[in-house]
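A.B. asks: Provided herewith is a single structure, encoded as structure tokens, for subsequent inquiry.
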Ligand code: ATP
């Protein structure tokens, strides 16, 4: 079943067109990866899906419903949740307070308890550090907190914008493992990454974004083997 569909989406910043009529869909249960160079429009695409940016044309369907005009906080309640690039946690709040910010869309207390259980089992480190201020945690821990917070609302699709950015190699491996686990538990994942190798290896399907347009598409494996992708994004000729 198609969970998320972008149809001919264009996005402008003032007069600058950052996204040019892109269309793609995400099926329920998939990990879909968007790769692309700096400035290709990956973050713009993610923010348009989460409702932080309004497209200048085109439409977005979620579970068959047109959500193009829906406000970002309402999209969260419907099941779209984003862990933003640069983490975006609240540095002056504790781990617990940060996670609590993710629960506003949940209707009942048992849902909140379930969310805590899931997040703490995925990220035992956050359980150990409940009372620590977000801003005093390491980069990898803050990334876990950002993903954990996005999961608290029990999304049907989790949007991850460069989760491996700035992390040490052992954290990068760990984050990708956890993303696969989140997906295996039933959450659809749309992943934006510059760390193309690992992101493609874990993707069911992937798209290459170049200056605001989709230029290549295939399974993760197909794009990993594609010579043009290898040369441009995988650091091998
Ligand atoms: P990065 O990996 O560097 O975050 P990206 O693929 O996510 O890159 P975007 O941040 O979506 O790319 O940017 C796409 C294009 O839109 C770029 O040309 C960028 O300069 C431009 N852009 C992004 N944000 C703004 C803004 N607030 N105002 C004007 N132009 C912007």
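A.B. asks: Does residue 89 count as within 16 Å of the ligand (Cβ to nearest atom) and either under 18 Å from the mean Cα position of the chain (by Cα) or modelled with pLDDT under 95 (or both)?
C.D. replies: On the way: within 16 Å of the ligand (Cβ to nearest atom): no; either under 18 Å from the mean Cα position of the chain (by Cα) or modelled with pLDDT under 95 (or both): yes.
No: the conditions fail for residue 89.
A.B. asks: When both residues are 6+ apart or on different chains and their Cβ atoms are under 6 Å apart, which pairs have a first residue that lies in segment 59-72 and is free of Cβ contacts under 8 Å to residues at least 40 places away in the same chain, and a second that is in a strand (DSSP E or B) and surrounded by 14 or more Cβ atoms within 10 Å (Cβ to Cβ)?
C.D. replies: As it stands, the answer is 66/59; 67/60; 68/59; 68/60, since those pairs meet every condition given.
A.B. asks: Which residues, taken from segment 201-228, are in contact with a helix residue (DSSP H, G or I) (Cβ under 9 Å, 6 or more places away or on another chain), within 16 Å of the ligand (Cβ to nearest atom) and in contact (Cβ under 8 Å) with a residue 24 or more places away in the chain?
C.D. replies: 206, 207, 208, 209, 210, 212
A.B. asks: If residue 150 satisfies every condition in (1) farther than 16 Å from residue 77 by Cα; (2) part of a helix (DSSP H, G or I) but one, which is the exception?
C.D. replies: Checking residue 150 against (1) farther than 16 Å from residue 77 by Cα; (2) part of a helix (DSSP H, G or I), the one that fails is (1).
A.B. asks: The conditions are (1) assigned to a loop (DSSP other than H, G, I, E, B); (2) under 24 Å from residue 74 (Cα atoms); (3) in contact with a strand residue (DSSP E or B) (Cβ under 7 Å, 6 or more places away or on another chain), and residue 164 fails exactly one of them. Which is it?
C.D. replies: Failed condition: (2).
Okay, residues lined up against (1) farther than 16 Å from residue 118 by Cα; (2) within 14 Å of the chain's Cα centre (by Cα):
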| site | (1), (2) |
| --- | --- |
| 184 | no, no |
| 190 | yes, yes |
| 197 | yes, no |
| 219 | yes, no |
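A.B. asks: Also: Could you tell me how many of the residues in segment 158-211 are closer than 18 Å to residue 50 by Cβ and crowded, with 18+ Cβ neighbours inside 10 Å?
C.D. replies: The first filter runs over segment 158-211 and keeps only residues closer than 18 Å to residue 50 by Cβ, leaving 158-163, 165, 179, 182, 187-193, 207, 209.
Then drop every residue that is not crowded, with 18+ Cβ neighbours inside 10 Å, which leaves 158-163, 179, 182, 187-193, 207, 209.
Residues in segment 158-211 being closer than 18 Å to residue 50 by Cβ and crowded, with 18+ Cβ neighbours inside 10 Å: 17 in total.
A.B. asks: Give me the residue from segment 138-167 that is away from the ligand (no atom under 16 Å from the Cβ) and farther than 19 Å from residue 121 by Cβ and, out of that set, nearest to the chain's Cα centre (by Cα). Explain how you work it out, then say what you get.
C.D. replies: Looking only at segment 138-167, we keep the residues that are away from the ligand (no atom under 16 Å from the Cβ), and these are 138-142, 144-145, 147-158.
Next, from what is left, pick out any that are farther than 19 Å from residue 121 by Cβ: 138-139, 142, 156-157.
Values: 138: 20, 139: 17, 142: 15, 156: 12, 157: 8 Å.
For segment 138-167, the residue satisfying everything is 157.
A.B. asks: Within segment 179-198, track down each residue that is outside any strand (DSSP E or B) and modelled with pLDDT of 95 or more.
C.D. replies: Step one: filter segment 179-198 for residues outside any strand (DSSP E or B), giving 179-187, 194-198.
Listed by number, the residues that qualify are 179, 180, 181, 182, 183, 184, 185, 186, 187.
A.B. asks: Please determine whether any residue of segment 121-140 is modelled with pLDDT of 90 or more and in a strand (DSSP E or B).
C.D. replies: yes
A.B. asks: From 36, 41, which residue is modelled with pLDDT under 95, within 12 Å of the ligand (Cβ to nearest atom), more than 22 Å from residue 152 (Cβ to Cβ) and in contact with a strand residue (DSSP E or B) (Cβ under 8 Å, 6 or more places away or on another chain)? Working first, answer last.
C.D. replies: Values: 41 fails: modelled with pLDDT under 95.
Unique residue meeting the criteria: 36.
A.B. asks: May I pose another question? Anything in segment 1-19 that is farther than 19 Å from residue 190 by Cα and exposed (fewer than 15 other Cβ atoms within 10 Å of the Cβ)? List them, or say none.
C.D. replies: Answer for segment 1-19, where residues must be farther than 19 Å from residue 190 by Cα and exposed (fewer than 15 other Cβ atoms within 10 Å of the Cβ): 13, 14, 15, 16.
A.B. asks: Just a yes or no: is a residue in segment 56-74 within 16 Å of the ligand (Cβ to nearest atom), in a loop (DSSP other than H, G, I, E, B) and modelled with pLDDT of 95 or more?
C.D. replies: Yes: one or more hits.
The values are calculated or read from the model by the stated rules, or taken from the named source; none is laboratory data. The model shown is predicted, which means the values in this text are computed figures rather than measured ones. FYI the Cβ positions are ideal-geometry reconstructions off the backbone, even for glycines, and counts take in every protein chain you see.
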